[in-house]
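Read through the structure below, which is laid out as structure tokens, and then see the notes.
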């Protein structure tokens, strides 16, 4: 049974704060803006909001900040992405400088130079003619700091010489003394450079080059097993050593009516490690498999490359008619040599892999086009078409793989084949809107979507989507948006044996009775291709009662009904409401408060059984519980809800003093209730709740000592607590057949203090 994860509460809090502070919570961008953003070259996140050049010849503007900061305790949630995860002092170093000289300019930005998470960029250019930039972007992600493992090494993990093995983890006599802590950290360092130049009045050329390395420790689950039930399982530290090189070349044309932007790109990914091997800590299996001879192996991400092209453009027929299009084509390929069927040399392997490498490609093409026109003075219309096509080019071959590095190579009848999962997704539709009195507009949109799949239980799904929207602005200070959407998705007959046919050898298929040819339960409908009815309503209100007030309310309700699914997700509901209020008391005092509530409910039906050839999906043979026995059904009611509260205060009590106070609170709870049928011999109990709470207070003050010199003090209090049953009191040997890291629930209560001097020049 899979446990639902709590919502990412830091993301929720951050997004709500930013939106509330701007006074436009959950405002939607136009499709034209979205398309323009997608076509832009990559820019590191921290370099998006930089001071703009003054724009006058000889002007220069600079800002230098130097100082120190201290974090009171080791952590990994507070410092998950900002580099402040150690109980230590760190340097505060920021620099922004820009200068215009004639028609040329310089822009320089360096941020967080005293931290492992830092970035910088230098730009030189000539106004509207040439732009050259070089820079770097370093990020550190901390995932956990309490995990422990007995394994030594990097890609070839071994146990201590005095390891005391056993059948289950509680038998490991030397486990406690062998455990060593490690930080699951991932460092990403990127260097990039780019150039953009104008070639005459209508043509522009651009090119970008980047090189990125990822190094650190991740985690992965692995097992040595002879069957799917009694595997010897472990959680392993995985050394990550990736390198990615990307290059693109673009050409743009700006005509009176035609605008084109084309781009060719190349990406190369290299993994320094091909395989992760580990020594089996268990003694459950035979002498070739158990400790110390037994060895397990996992193939890691293979080297690969991708070549792609993209063409976007606009053609203006007239002042009322315009065509936009966006098309792309990408080919991803990999031909890395196969590993052997097993890393355990003691096992018998008589047949090698059918080929030396996969030598496969996946081609993905997209088309997105829309025609916008105005048939009447008060009416706007558009028609659109979208296509996404994924095509596999890989020869079908049979593989007699060794299961879990635990047995000799199986016979011919257990040959497994690689399967191509081609997909074609198309949608078309239209939208019309009409301006009404009271500054209102009524819109209607219809979209038809068809998805065709290959080697899937459902080969085709069709969906009709109807959207009715109404926008009303009766007064200049009040706006409301209402939207109602209905979608109906219909799926082809569920071919529950399709996966079985695509995966296994003909000899095995023919030897299996028709009613036993399945991998998933025949009544299980995967939610993304099941019949579904969706109702969705949105209501957004914006009100400015005066020049000083800004009020916003955003609500969402969505209900999904999978009415044809007997097993699987049967229904779900999402309710969301967010409110923000901003008040500008004076030129020196402003405040913002916000509150939000999100709730997700999902109902799922399942059946407890061991599938495969030995089970019959349609007959009951006591005393074994079979796949056809409804008394083995169990139902899951899952509910996730999140409460978000926050406030922000900006105050300038004196001309030389600026104060800021910010507070955010987020509380999430995940509840899961399990139910069984009356009279069922199958017992189930509710899973414990998963609770997560965040308090974050930030207070800062800036004292302007002189016109160009300031002192800044910053204090933060951060409290994060998670109560997750999957981690609570789960030591490395708590689970008999799973050797875990024994990591703790995050429980952080810390203080951050920073002080810096800011010097400005102009």
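Quick check: anything in segment 586-603 assigned to a strand (DSSP E or B), within 23 Å of residue 522 (Cβ to Cβ), modelled with pLDDT of 95 or more and touching a strand residue (DSSP E or B) at 6+ places or on another chain (Cβ under 8 Å)? I'd like the intermediate steps shown before the answer.
At the first step, the residues of segment 586-603 found to be assigned to a strand (DSSP E or B) are 586, 589-603.
Among the residues that remain, those that are also within 23 Å of residue 522 (Cβ to Cβ) are: 602-603.
Then drop every residue that is not modelled with pLDDT of 95 or more, which leaves 602-603.
Next, from what is left, pick out any that are touching a strand residue (DSSP E or B) at 6+ places or on another chain (Cβ under 8 Å): 602-603.
Among the residues of segment 586-603, at least one is assigned to a strand (DSSP E or B), within 23 Å of residue 522 (Cβ to Cβ), modelled with pLDDT of 95 or more and touching a strand residue (DSSP E or B) at 6+ places or on another chain (Cβ under 8 Å), which makes the answer yes.
State the number of residues belonging to segment 168-195 that are surrounded by fewer than 16 Cβ atoms within 10 Å (Cβ to Cβ), in contact with a strand residue (DSSP E or B) (Cβ under 8 Å, 6 or more places away or on another chain) and closer than 19 Å to residue 737 by Cβ.
The number of residues fulfilling the criteria is 1.
Looking at segment 137-150 only, could you name the residues that are touching a helix residue (DSSP H, G or I) at 6+ places or on another chain (Cβ under 9 Å) and either assigned to a loop (DSSP other than H, G, I, E, B) or without any contact (Cβ under 8 Å) to a residue 12 or more places away in the chain (or both)?
The one that is touching a helix residue (DSSP H, G or I) at 6+ places or on another chain (Cβ under 9 Å) and either assigned to a loop (DSSP other than H, G, I, E, B) or without any contact (Cβ under 8 Å) to a residue 12 or more places away in the chain (or both): 150.
Among the residues of segment 646-668, which ones are out of contact with any helix residue (DSSP H, G or I) (no Cβ under 9 Å at 6 or more places or on another chain), within 26 Å of residue 598 (Cβ to Cβ) and touching a residue at least 40 places away in the same chain (Cβ under 8 Å)? Break it down stepwise before answering.
So the first thing to find is which residues in segment 646-668 are out of contact with any helix residue (DSSP H, G or I) (no Cβ under 9 Å at 6 or more places or on another chain), and the list is 647, 649-661, 663.
After this cut, where a residue has to be within 26 Å of residue 598 (Cβ to Cβ) as well, the list is 647, 649, 661, 663.
Correct list: 647, 649.
State whether the residues of segment 751-762 include one that is within 16 Å of residue 144 (Cβ to Cβ) and either in contact (Cβ under 8 Å) with a residue 12 or more places away in the chain or touching a helix residue (DSSP H, G or I) at 6+ places or on another chain (Cβ under 9 Å) (or both). Spell out the reasoning first.
Residues of segment 751-762 that are within 16 Å of residue 144 (Cβ to Cβ), as a first pass: none.
Checked segment 751-762: no residue is within 16 Å of residue 144 (Cβ to Cβ) and either in contact (Cβ under 8 Å) with a residue 12 or more places away in the chain or touching a helix residue (DSSP H, G or I) at 6+ places or on another chain (Cβ under 9 Å) (or both).
Look at segment 706-733 and say how many of its residues are more than 27 Å from the chain's Cα centre (by Cα), in contact (Cβ under 8 Å) with a residue 12 or more places away in the chain and part of a strand (DSSP E or B).
9
Please pick out the residue among 754, 736 that is outside any strand (DSSP E or B) and farther than 30 Å from residue 602 by Cα.
On the way: 754 fails: outside any strand (DSSP E or B).
So the residue among 754, 736 that is outside any strand (DSSP E or B) and farther than 30 Å from residue 602 by Cα is 736.
Listed here are the residues, each with its yes/no results for (1) touching a helix residue (DSSP H, G or I) at 6+ places or on another chain (Cβ under 7 Å); (2) surrounded by 15 or more Cβ atoms within 10 Å (Cβ to Cβ); (3) part of a strand (DSSP E or B); (4) free of Cβ contacts under 8 Å to residues at least 12 places away in the same chain.
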site	(1), (2), (3), (4)
222	no, yes, yes, no
236	no, yes, yes, no
244	no, yes, yes, no
248	no, yes, yes, no
253	no, no, yes, no
278	no, yes, yes, no
289	no, yes, no, no
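Answer yes or no as to whether residue 199 is closer than 30 Å to residue 128 by Cβ and surrounded by fewer than 15 Cβ atoms within 10 Å (Cβ to Cβ).
Working: closer than 30 Å to residue 128 by Cβ: yes; surrounded by fewer than 15 Cβ atoms within 10 Å (Cβ to Cβ): yes.
Yes.
Just to check your reading of the model, which residue among 424, 419, 407, 480 is assigned to a loop (DSSP other than H, G, I, E, B) and modelled with pLDDT of 90 or more?
Details: 424 fails: assigned to a loop (DSSP other than H, G, I, E, B); 419 fails: modelled with pLDDT of 90 or more; 480 fails: assigned to a loop (DSSP other than H, G, I, E, B).
The conditions single out 407.
What number goes with the only condition from (1) over 26 Å from residue 364 (Cβ atoms); (2) in contact with a strand residue (DSSP E or B) (Cβ under 9 Å, 6 or more places away or on another chain); (3) part of a loop (DSSP other than H, G, I, E, B) that residue 444 does not pass?
With (1) over 26 Å from residue 364 (Cβ atoms); (2) in contact with a strand residue (DSSP E or B) (Cβ under 9 Å, 6 or more places away or on another chain); (3) part of a loop (DSSP other than H, G, I, E, B) applied to residue 444, the lone miss is (3).
Please indicate, with yes or no, whether at least one residue in segment 487-508 is under 30 Å from residue 414 (Cβ atoms) and part of a strand (DSSP E or B).
Yes, segment 487-508 contains a residue that is under 30 Å from residue 414 (Cβ atoms) and part of a strand (DSSP E or B).
Pick from 204, 198: which is in a strand (DSSP E or B), in contact with a strand residue (DSSP E or B) (Cβ under 8 Å, 6 or more places away or on another chain), in contact (Cβ under 8 Å) with a residue 60 or more places away in the chain and over 30 Å from residue 140 (Cα atoms)? Explain how you work it out, then say what you get.
On the way: 204 fails: in contact (Cβ under 8 Å) with a residue 60 or more places away in the chain.
The unique qualifying residue is 198.
What do you reckon, is residue 750 at pLDDT 95 or above and loosely packed, with under 14 Cβ neighbours inside 10 Å? Walk me through it before giving the result.
Numbers: at pLDDT 95 or above: yes; loosely packed, with under 14 Cβ neighbours inside 10 Å: no.
Taking the combined requirement at face value, the residue does not satisfy it.
Test of understanding: among 703, 634, 651, which residue is modelled with pLDDT under 95, touching a strand residue (DSSP E or B) at 6+ places or on another chain (Cβ under 7 Å) and assigned to a strand (DSSP E or B)? Write out each step before concluding.
Details: 703 fails: modelled with pLDDT under 95; 651 fails: modelled with pLDDT under 95.
When all the criteria are applied, what remains is 634.
Restricting to segment 448-474, name every residue that is under 19 Å from residue 387 (Cα atoms) and without any contact (Cβ under 8 Å) to a residue 24 or more places away in the chain. Walk me through it before giving the result.
Going through segment 448-474, the residues under 19 Å from residue 387 (Cα atoms) turn out to be 448-454, 459-465.
The answer is 448, and nothing else.
Looking at the structure I just gave you, is residue 296 crowded, with 20+ Cβ neighbours inside 10 Å and in contact (Cβ under 8 Å) with a residue 60 or more places away in the chain? Even if it seems obvious, please write down each step before you answer.
Details: crowded, with 20+ Cβ neighbours inside 10 Å: yes; in contact (Cβ under 8 Å) with a residue 60 or more places away in the chain: yes.
For residue 296, the condition - crowded, with 20+ Cβ neighbours inside 10 Å and in contact (Cβ under 8 Å) with a residue 60 or more places away in the chain - is met.
Just give me the residues in segment 366-391 being within 28 Å of the chain's Cα centre (by Cα), farther than 19 Å from residue 465 by Cβ and surrounded by 17 or more Cβ atoms within 10 Å (Cβ to Cβ), in sequence order.
390
The values are calculated or read from the model by the stated rules, or taken from the named source; none is laboratory data. Worth saying up front: this structure is predicted, and the values here are computed from it rather than measured. When we count neighbours, we look across all protein chains shown, and the Cβ atoms used for this are built from the backbone with ideal geometry, even at glycine.
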